[in-house]
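Each remark here refers to the structure printed beneath this line.
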Amino acid sequence: MQAGLAGPAFFLYRRLPVANACGSHICLPHMSPDAFTELKKGSAETLVLAVLEDGPLHGYELAREIDRRSAGRLVFHVATLYTTLYRMERSGVISGRWVEKPGQRRRRFYRLTRAGRARLVLARRHWQDFVSAIDGVVVKPA
């Protein structure tokens, strides 16, 4: 995977009773926390890029959209999401600007840059190659 695409800023989970907690988050009961951590690596920035492809959003909207698109299975913790966004902005794949509206607090809206669109194309290609390789090993031929 391309350098700079890592960042465990989210937790993948299914809404389960707290008794099924894995470490600091609730996870799928059949997966070990170590396997879970490995699945998360490298996905945070790709998720952000994919959502921002549809247009600018502020951090909270971005987290909600990831939650919505994943049917509640991918949840960003706001503090780590903002760390990811700042890192991505410094690397030039997204840009942010402050927007102030009367009666509301100011918010920073993020959008993809040209470099971010190129990174997303590459990340999607890597993701498809990865899934194809896993399927070649895991999925039994019909």
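Compared with the direct C-alpha span, the chain from PHE130 to TRP98 gains 7.9 nm at full extension, assuming 0.36 nm per residue. Under 5 Å from the amide H of ARG73 lies no amide H of any residue 5 or more positions distant or on a separate chain, with H modelled from the backbone and absent for Pro and chain starts. Take the Cβ atoms of HIS58 and VAL138, set R0 to 25 Å, and the FRET efficiency comes out at 0.05. For HIS58, the residues whose modelled amide H falls within less than 5 Å of its own, excluding neighbours fewer than 5 places apart on the same chain, are TYR110. Our coupling estimate for region 102-110, obtained by passing each phi through the Karplus curve with A = 6.51, B = -1.76, C = 1.60 and θ = phi - 60°, is x, x, 10, 6, 6, 9, 9, 9, 10 Hz, Gly and Pro reported as x.
Just so you know, all these numbers are worked out from the coordinates, no wet-lab data involved. Computed from a prediction, not measured in an experiment: that's the story for all the values here. Neighbour counts are summed over all protein chains in view; Cβ atoms, including those assigned to glycine, are modelled from backbone coordinates with ideal geometry.
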